[in-house]
1. Name the residue, out of A:VAL72, A:VAL27, that is within 23 Å of B:SER17 (Cβ to Cβ), surrounded by 17 or more Cβ atoms within 10 Å (Cβ to Cβ) and facing chain B (nearest Cβ under 9 Å).
2. If I filter the range A:56-75 for residues that are modelled with pLDDT of 95 or more and under 16 Å from A:SER20 (Cα atoms), do I get at least one hit?
3. Looking at the range A:40-98, which of its residues are of a type in the set (A, V, I, L, M), within 17 Å of B:ARG12 (Cβ to Cβ) and part of a helix (DSSP H, G or I)?
4. Test of understanding: among A:SER64, A:SER78, which residue is in contact (Cβ under 8 Å) with a residue 60 or more places away in the chain and among the polar types (S, T, N, Q)?
5. What are the residues in the range A:3-39 that are touching a helix residue (DSSP H, G or I) at 6+ places or on another chain (Cβ under 8 Å) and in a loop (DSSP other than H, G, I, E, B), if any?
6. Filter the range A:35-49 down to residues that are at pLDDT below 95 and loosely packed, with under 15 Cβ neighbours inside 10 Å and give me whichever is farthest from the other protein chains (Cβ to nearest Cβ).
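The values are calculated or read from the model by the stated rules, or taken from the named source; none is laboratory data. Here the structure is a predicted model, which is why all the values come from computation and not from measurement. Please note: Cβ atoms are built from the backbone with ideal geometry, for glycine as well, and neighbour counts cover all protein chains shown.
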Amino acid sequence: AEDTGVRVELAEEDHGRKSSIALRLWVEDPKKLKGKPKDNGAIEFTFDLEKETPDDVAQEMVDSGFFHESDVKIVAKSIRDRVALIQWRRERIWPMIQ
Amino acid sequence: SSFTQVVHSAGRRFIVSPVPESRLKEQ
């Protein structure tokens, strides 16, 4: 995944069973963002792998003032890349459960 | 505590905590 300057990681162990999972997002390199992110720390949130889209969360983060509207795509892509990795890993490790 | 919580109108909770120094790229 391309380095967007925004890092998204699992905020909990993933056992492949729950559809909703805790993620943690923070800005690793603010220079890569168009707008100036509010000087916040790591933002932890729950994401439903089956029902929600990264764009939903990114827009909510912009609405909540964490990021500038012009960065909504970068934030969505960062979340999308991590979610894709989680789903890829789930398919490989727990194919039966999926 | 240094945790703050923001709840979006759609209901999602965002919990903000300090990023460990080790995880920030050199500025």
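1. That would be A:VAL27, the only listed residue that is within 23 Å of B:SER17 (Cβ to Cβ), surrounded by 17 or more Cβ atoms within 10 Å (Cβ to Cβ) and facing chain B (nearest Cβ under 9 Å).
2. yes
3. Let us first name the residues in the range A:40-98 that are of a type in the set (A, V, I, L, M), namely A:42-43, A:49, A:57-58, A:61-62, A:72, A:74-76, A:79, A:83-86, A:93, A:96-97.
When the remaining residues are screened for being within 17 Å of B:ARG12 (Cβ to Cβ), the result is A:42-43, A:49, A:57-58, A:61-62, A:72, A:75-76, A:79, A:83.
The answer is A:VAL57, A:ALA58, A:MET61, A:VAL62, A:VAL72, A:VAL75, A:ALA76, A:ILE79, A:VAL83.
4. A:SER78
5. Correct list: A:ASP3, A:THR4, A:GLY5, A:ASP14, A:GLY16, A:GLU28, A:LEU33, A:LYS34, A:GLY35, A:LYS36, A:PRO37.
6. Among residues in the range A:35-49 that are at pLDDT below 95 and loosely packed, with under 15 Cβ neighbours inside 10 Å, the one farthest from the other protein chains (Cβ to nearest Cβ) is A:GLY35.
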